[in-house]
Each structure stands twice: as C-alpha cells, then as structure tokens.
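J.: This structure is in structure tokens; I'll ask about it shortly.
Bear in mind that the values in this text are calculations on the coordinates, not laboratory data. Since the structure is predicted, the reported quantities are computational estimates derived from the model, not experimental observations. A quick note on method: Cβ atoms are made from the backbone with ideal geometry, for glycine too, and the neighbour counts reach across all protein chains shown.
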Amino acid sequence: MPELATRARAAPVLAIDSLSYAYPHASRPTSGMLSPQGGSNIDLVLRNVSLTLAEGEFALVAGRSACGKTTLLRAACGLVPHFHGGEIVGSVHVAGIDAIAHGPGDLAAVVGYVAQDPETQIVSTTVAAEIALPLEMRGDPPASRARAVEEVALALAIPHLLSRTVDTLSGGELQRVALAAALVTRPRLVLLDEPTSQLDPVAGDELIWLLRRLNEEWGVTILLAEHRLERCLAAADRVIAMDAGAIAFDGSPRDFLAWAQQADTALETPAARLFSLADIDPLPTGVRDARAILRKERVGGPPTETCEPARPAPPPSDRRGFRSGDPRPSPGAMAAEARDLWVELDDGVSRGDVLRGVAFKIARGERVALMGRNGAGKSTLLRALAGLAEPARGKAKAPGGIALLTQNPSDYLVRERIGDELPGDAGLAALQIVGLENVVDADPRDLSGGERQRLALAIALAGRMDGDELPGLVALDEPTRGMDRARKRDLEEMIEGLAASGAGVVVATHDVEFAAVFAQRVVLLGDGVVIADGAAAEILSGGWYFATEVARILDLPGVITAEQGAASLDPEGRR
Amino acid sequence: MRSPFAYTPRSGPLQAASPGAAVAYLGALVAVAFLYSSPLVLAAAGVAAVLAGYLAGAGSAVRVALRMGLTLALLVVAVNALVVDRGETVLLRLGELPLLGRVDITAEALAAGAVIGLRAAVTMVGFAVYSACVDPDRVLRALRPVAGRSALTATLISRLVPVAAADAARLRDAGRLRGPAAAPLGRAALARRLLTGSLDRAVDVAATLELRGYALEPPRRPRLMESFGGPRYPKSFRERSRYDRRFYAVGALVLIAAIAGKLLGADGVHAYPTIEVGVPPATVALSALVVLSGLAPMRRKAPRTRHA
C-alpha cells in the first residue's frame, strides 16, 4: 500500500489508454477476443477510448443514452471489469494505480464514485456512519474519522443531517450524503453519474456549484456524466462527448458547442441554440456568459441593461396558455379537479400535511406541467387524483378516469412477454395507442427505456378507454429522469398525441426545459400549496430557478424557448 | 411508512451507551425471563422491559411489541391447553377431536402455557427496545473485526430489507394502477419480480460496499497503529459512553441476583401435576429489583446553571 500511495501522488489523476470493453454475455459476431482498436465489434460498450485527466480538472462527459458514459465511469473506479466482469483490453490508471490489476477497494482511497440512484449507494443506518464507513474500512482511528466526517459535512452543508437515519432523508439529501461518503477520504478523483437527475432545479444547481467549489478549493478532479448540459456546462473546464462507446469530441465547452451544432444537435444547450438561431458568435456556455456576449455585442438583452427587446414577445396567451391553433377543450370537459385538498402523510419521523388546501382543474386536451422542489407535493397530488392517497379534507377526482404512470415504469412490468401483460383485444388496443402492437411476443426487458415507458403507459390505459377514447386524464410522474434530448422529443410527441386525442395530460417534472416545450400551462407547488398557476410562457419566464435557460438570459416576459428568444432579438442580430 | 422497530437516534442514555452495554442490560432482562417460571418474576421482567423502552423513548415499539407478544401469548395458551394432556384439574372435557384425539382442558396446561407465553412476550419487548434504541451501525462496527463475513452479510441484509420493503410498496401501487384490461398483478408475479429486483438491488449495494473498501482486510485497531508509528489520538475518542458503567452494572446485578435467587429456590413454581406457586421473600425481593432495573435508562436531572 505505501508503494501505491507514492505512485498515486506522482501520476496524472486518470490515464486511460486504448480501452475497449464488452459486458459479459454480450454477443460477438466472430472471435471471442476484443480487438485493441475496437473497430467493427458492434457489442463493445467502450471502443478504443484514450483519455487523460490532469489534477484539478472539471470534465463533463456528454452523449446520448447508452453511449458508454456510465461504463467509462465504472472503468475509472475499477467496477469494470472487477465487479461486472466482461472482456477488456487497454489500460486504466487512476492516480498511478493500475485499475485493471487492482480492485475498487484498493482504489477507494484515490477515487470516489456517486451513482445515479442514491437509494442503492447507501449501506448504513445513520448518516454519520455512512460517511465514516470508507474511513473505517481503511482502519482510520475514531478521532480521525470524527474530524473527517465533521469537515466533509460542513463542506456539503449537511451537519444537521449527521444524526438522522438514512430512511428519513429526501432524494436530494441522500444524494449529498452519497457525495459526502465519496469525498470523505479526500480522493483525488470524483466520478459522478447523472447526480442531478432526481433533483429539482434548485438542488441540482446547488450540487453542480458545490462540485465546482470543491474542485477549486480542494483541488479535486471531477469527471461528471450528465444529460442536462445547460445545468453544468458553465462549471466545466472540458467536455468529453461520447458516441457509440468512442470519444467523439474532447475539448473546451465552447468548442464542444460548436461541434454539437454540426455533429449532434440533441447535445446543444438551449442557450447555444438561441445564439445559433440568432446567428450570434461565440456560442455561450451558460447564462452569465450569454449575458456578457449580448452586452458586448449590444444585442437586445436583459431589461437591466440599456437594451430593450427589439421584437415583441410571442403572441399573448390566455391564462391557461392556449394560443391560436392550439386544440381547445370543449367547455365543461373536465379531466381532473382538486378542491380544498389536504393530504397528510408520515415521513418516517412524524405525520404532516403534504398538501394544504390545493385547488385546481385540468381540462381535457390540456397539457399541464406540475412543478416544484423535491417534497413540494407533486407526486402526492397525482396519487390523490388516482386514489392512492386518501385526502384528509377536500376532494380529488378525475371524472373520466385516470391513467397514472409512476416514476419507475419497470414497476408495471412483471411478466416475461408483453402479450401476457396485456391480453385480449383491450390489451391490443392499448398497445396500438402507444405504437407497440408489433412487439406482442417480445420480453419487456428487451425494450429500450422509452419503449418500456410506453408499454407501462399502455398497461395503465388498458381497459380504461371507451372504444378509441382515452381516459379523461393521463398523468406522468417524472418521466424524463435519465433521458437524453432525443428521447424527450419522442415523449413530447406522445404527450401531444394523447392530448390531441382528448385526454388531459399532467406531467410532474423538474425538467424546466422539457416543460417549456410540451406544456401549455404550469402549476407550481411550494410546500403543499399552489404558488403559481398560469401559462407556461408566463410562469417559466418569471423566476430564476423555475425558469428556462433562455428566460434567464433574456429576462423577457413570455420568452422561454430558443425559437422565441431568437425571434425576440433584433433581426440584424446587432443594435 | 417507517417500522416502529426501526432504530431512531435519540439523546437518551440507552441510545448513547455502547452496543455491548445495551446488550448486557437488555440481555439480562431477557435472561431472567428464561431462567424463571414464576409469574411474579416474569411480570417484573416484562414491566422492567416496558419501563426501559418508555424511558428510552421507544414507546411505539413497546406498544406494538406488547400487542404482538400478548397475541402470541394467548395463542400459546390455547395451543398448550389443546395439545398437553397433563394436569389433574380438568376444567373442560372436549371429548374426541380429529387429529388431537381425546382432549381435556386442564388448569395446569393453561398455567404452563401462560408462563411460556409471558416469557415470549417479555422477550419480544426486550428485542423491540433493542431494535429501536441500539444503533445497528455500531453493532456491525463492533462485529466487523471479529467476524468480517458475518458483518458483511448482516450489512447487506440490514440494507436490503428496507429497500425490498420500499420496492414491494411501489410494485403494489403500480399493481393498483394497472388498467382493468391488463393482466392482474398476482402474488406469484409480484414475488418473482420482487426476487429479481432484490437481486439487482443486492448487486448495487454490493458494488457500493466494494467501492467503500469493504473488500479490504478487517480494520486494524487504532492502538496497534499507534504502536507502529501511526498518529496518536486522544483516548476520549474511543467509542464509549458515560452511561456504559451504569448499564453493565445493572445488567450484572440483575443476572447475579437472578442466578443466586434460582439457587436459593426463589423460583418455586411448578405447573404439573398440580399448580404450585410459592412466593418466598426472595422472589418478592428479586421481582422488586428487576422492576427497579427498568429505571436504568432514566436520564439524570441536569443541574441548574445560572446564566449571566
């Protein structure tokens, strides 16, 4: 071990050379051995990856779903191949330690790993014990452990959680505890796999800037895989884009945006798209950068500056966000209603009101985004509408029936054949609605993430349709978790199709950019109370955290998408 | 929904005590229940366990354990009365019953069943107080240097049980949300899905343990590290509590008194052939001592401090 420690201090933090990898049981077209180049083997998850990270870098790994981001992080912490098995060629050195020769246990002192789901990376009962565990495994004495736990808790602003049990924490708190456990050994490299996917915009932004602070003050090297690039691009020094297991781009955030504009527009951030549509150079890495460029270029920008928007905001919409051309529900066709709704739940410590006098209506054909921070009551409201949560007072009803898709679509899939999940003509009709009628004999586990979501929705819809008519309300709870932008576009199309067929669609989401695209109306919950209810353009341009990136850049009422933003700017692009 | 038996950190003496001291104290109460058949001593052990639980703030765990324990006790009394044909005081002749043959309900069998049931109830309350008040992380930490593999297994189980319970609740919810034309969830499908899900979860938890360094050799003792030139740390950081002595002393006192009482004939109870209950002064004294031991988790009143 002392020899390993000496090597750790001298070498680059991460050095990957010609790495190719296939998970066990992956089918191979020809021979069993991997070619070092990884060339034509279609089952490789990583293909000839070479990468070096220097001390103190903050690198962002971008790419579509299943492009190899998670596997790259697993290789960097030794889980691949030590834990997952499979075939590997090439080399991985973490702080000078050969990660292929040594296991993750040996690497634990130099690398910390935070996975996407905090629920599965917590192994102790109390927060203090969870954070102290890696030190305990290393044999650190109690006094040293106590000091390290105290320091990391202070750094992550969680000292008040130390005496709590982990089953009483929210998702955001759990994610911070997992990060604390990864940081407590003062590793030189921290790997994070979509750490903000379950967090609301407030907690997500806080986590990214916390990482930046740790990177600057502690000198920790960060390798972060994320889909919501607009959230973290401004904090990163470098972006590594992956495509089909290979590195497609490696450079600065600004160069990455220029590359994405040409190579894969699904990786563009809203700010970059705004500038691209408005033909403004250079492309901005974040809100601050965009505002600075607009100021310098003297383009119509935020009202705080001297510039005024050169074009008026998009056509005004009514309170529910309907514009000319939008399908309007027939008068009185109500999909769901909550009246003075109070719901009390036990959070593991005490009972408390999660919803406090909520009142709102959704019409058939309406597309509504239900937003708010973690614990605001979004899921509870949907559960109350579906009859899963008993109101303590008031009423929640969906007169035409409700199909609710909860956060994890896999919970609906319990059989090994799609046809067994949805038997008969009614089952087939539900599959036709979601476009899966041709895969009746397939195993649900063989479907892609998006297809699984559609199948789960079909299971929720089955038998609730009156002929071709959908139930009054279709509710989706956090459907975009871990989704890349291409899959979000598919989901958006599905939502539009459901609404066009006459169902009211309500989506509980933290994803502001997604809400801006699909929703006509946004209902914002805060601590169990409706704190804002109005047109999406109005709500998502009127704040800071629950506002799109374009809205934060331009600060113009009603302007929330890149297309609207570009239209609001001067046609010449300059003033 | 959190289990009432789940550990909840509180600032009471029992929670602050080291796992060894808490186990010694609660174990002594359970040991008394196993050593004695005297209803008075058993009731005293039960009262002590209930008192200890309430004083430690685990009232809900005690209430649930009492409900479960007394239900079990009633069941034991009924079963014992039906299957045991010893005893001379026949209360009821049920005649020939299928499988059981000739059944006579005797007062002795009822009394013997009540003793066994009471013993089970006291044990359940004792374990409920342990579960709600003793930090499982500290127990595992104490266990790890002496039995690494067992500690690993216990860690996996202690984490997977609540995760599996949460998974089951989610699956049941999803089952209720299935459309009427979808195949019903069904117990077999639910069980199979839970099992495969638990295996996936176990793999994730095992990966986390691997990353935390669980595969490394068992942790070395700090004093050993100091002797090999490692940094020195104040002794106050050894994981002890100022209440440890209290619980060790009370546990030892109760156990010694119970053993001595047993040797001196304080357990003068026989169910068969006829019920004999002797209540000598030693039994009364032991029962009083056991009840008083239930006050051990009481917090000492803080001295008044005058603020400037």
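J.: Taking chain B as a Gaussian network, where each spring joins two C-alpha atoms under 10 Å apart, which residue of B:Pro19, B:Pro145, B:Pro180 fluctuates the most?
T.: B:Pro180
J.: Still on this structure: Rank the residues A:Lys397, A:Lys488, A:Lys378, A:Lys296 as a footprinting-exposure proxy: fewest other Cβ atoms within 10 Å of their Cβ go first.
T.: Working: A:Lys397 16, A:Lys488 20, A:Lys378 26, A:Lys296 8.
Ascending Cβ contact count within 10 Å gives the list A:Lys296, A:Lys397, A:Lys488, A:Lys378.
J.: Hey, another quick one. Tell me, B:Ser150, A:Ser276, B:Ser3, A:Ser541 in order of fewest to most beta-carbon neighbours within 10 Å?
T.: Details: B:Ser150 12, A:Ser276 19, B:Ser3 16, A:Ser541 24.
Exposure proxy ranking, most exposed first: B:Ser150, B:Ser3, A:Ser276, A:Ser541.
J.: Right, here's the next one. What's the center-to-center distance, using Cα atoms, between segment A:246-260 and segment A:200-233 in Å?
T.: What the calculation gives is 18 Å, centre to centre.
J.: Would you pull out the residues with amide H under 5 Å of A:Asp250's amide H, same chain only if 5 or more places away, H placed 1.01 Å from N?
T.: For A:Asp250, whose amide H was placed from the backbone, the distant partners under 5 Å are A:Ala241.
J.: Among A:Ile362, B:Ile256, A:Ile247, which comes first, second and so on when ranked by fewest other beta-carbon atoms within 10 Å? Let's see the in-between values first.
T.: Values: A:Ile362 27, B:Ile256 11, A:Ile247 20.
Ordered by Cβ neighbours within 10 Å, fewest first: B:Ile256, A:Ile247, A:Ile362.
J.: Then there's this: Ignoring everything except DSSP H segments at least 4 long, calculate the 222 nm mean residue ellipticity for the protein assembly as shown; use -39,500 (n - 2.57) per segment, divide by total residues, nearest 500.
T.: Working: 32 runs with 383 residues, N = 883.
Helices in the protein assembly as shown give a 222 nm mean residue ellipticity of -13500 deg cm²/dmol.
J.: Would you please state the base-10 log of I(q)/I(0) at q = 0.14 1/Å for segment A:334-551, with intensities from the Debye formula using one equal scatterer on every alpha carbon?
T.: Debye curve over Cα of segment A:334-551, log10 I(q)/I(0) at q = 0.14 Å⁻¹: -0.85.
J.: Test of understanding: in a Gaussian network model of chain B with alpha carbons linked when under 10 Å, which of B:Arg246, B:Arg119, B:Arg187 would top the mean-square fluctuation ranking?
T.: Answer for the Gaussian network model of chain B: B:Arg187.
J.: What is the pair-distance distribution P(r) of chain A, computed from all Cα-Cα distances in 10 Å bins starting at 0, with each bin given as a whole percent?
T.: Values per bin, smallest distances first: 3, 16, 24, 26, 20, 9, 1, 0.
J.: Now for a different question. Give, in nm to one decimal, the length gained when the segment between A:Ser91 and A:Ala500 is fully stretched (0.36 nm per residue of separation minus the Cα-Cα distance).
T.: Details: separation 409, 0.36 × 409 = 147.24 nm, distance 5.29 nm.
Extending this stretch completely gives an extra 141.9 nm.
J.: How many Cβ atoms of partner chains, on average, are near each residue of A:420-427 if near means within 10 Å of its Cβ?
T.: Working: counts 2, 4, 5, 3, 3, 1, 4, 4.
Rounded to a whole number, the mean comes out at 3.
J.: Report relative contact order for chain A in percent, whole number only (criteria: Cα-Cα under 8 Å, sequence separation at least 6).
T.: On the way: 1234 pairs, mean separation 82.7, N = 575.
Dividing the mean separation by the residue count of chain A yields 14 percent.
J.: Across peptide B:155-167, how many C-beta atoms of other chains are within 10 Å of each residue C-beta, on average? All intermediate terms of the calculation are to be shown ahead of the outcome.
T.: Details: counts 4, 1, 0, 3, 6, 2, 0, 5, 4, 0, 1, 2, 3.
That works out to 2 on average.
J.: If you average the alpha carbon positions of segment A:473-537 and of segment A:91-115, how far apart do those two centres end up, in angstrom?
T.: Comparing the Cα centres of segment A:473-537 and segment A:91-115, I get a distance of 41 Å.
J.: Calculate, in nm to one decimal, what B:Arg67 and B:Val146 gain on full extension: separation in residues at 0.36 nm each, minus their alpha carbon distance. Let's see the in-between values first.
T.: Numbers: separation 79, 0.36 × 79 = 28.44 nm, distance 3.64 nm.
Roughly 24.8 nm would be gained on extension.
J.: Most fluctuating residue of B:Leu118, B:Leu42, B:Leu140 in a GNM of chain B with Cα springs under 10 Å: which is it?
T.: Top of the fluctuation ranking is B:Leu140.
J.: Using the eigenvalues of the Cα gyration tensor, what equivalent ellipsoid semi-axes result for chain B when each is taken as the square root of five times the eigenvalue, whole Å, largest first?
T.: Values: eigenvalues 320, 234, 68 Å².
Equivalent-ellipsoid dimensions as semi-axes: 40, 34, 18 Å.
J.: Which whole-number percent gives the relative contact order of segment A:459-546, counting Cα pairs below 8 Å spaced six or more residues apart?
T.: 23 percent
J.: Let me ask another. Compute the distance in nm between two label points, each set 7 Å from the Cα along the Cα-to-Cβ direction, one at A:Arg186 and one at A:Ala266.
T.: It works out to 4.3 nm between the two label points.
J.: Let me ask something additional. Using amide H atoms built in the peptide plane, which far-off residues or other-chain residues are under 5 Å from A:Leu404 H to H?
T.: A:Ala475
J.: Which value results when the Cα radius of gyration for segment A:435-565 is divided by 2.2 N^0.38 Å? The partial results should precede the final answer.
T.: Details: Rg = 16.5 Å, N = 131, 2.2 N^0.38 = 14.0 Å.
The reported ratio for this selection is 1.18.
J.: Here's another thing I want to ask about it. How shielded is A:130-136 by partner chains, expressed as the average number of their Cβ atoms within 10 Å of its Cβ atoms?
T.: Values: counts 3, 0, 2, 9, 5, 3, 8.
Rounded to a whole number, the mean comes out at 4.
J.: Could you tally up the Lys pairs in the protein assembly as shown with alpha carbons closer than 30 Å? Skip any pair fewer than 8 positions apart unless they're on separate chains.
T.: The result is 10.
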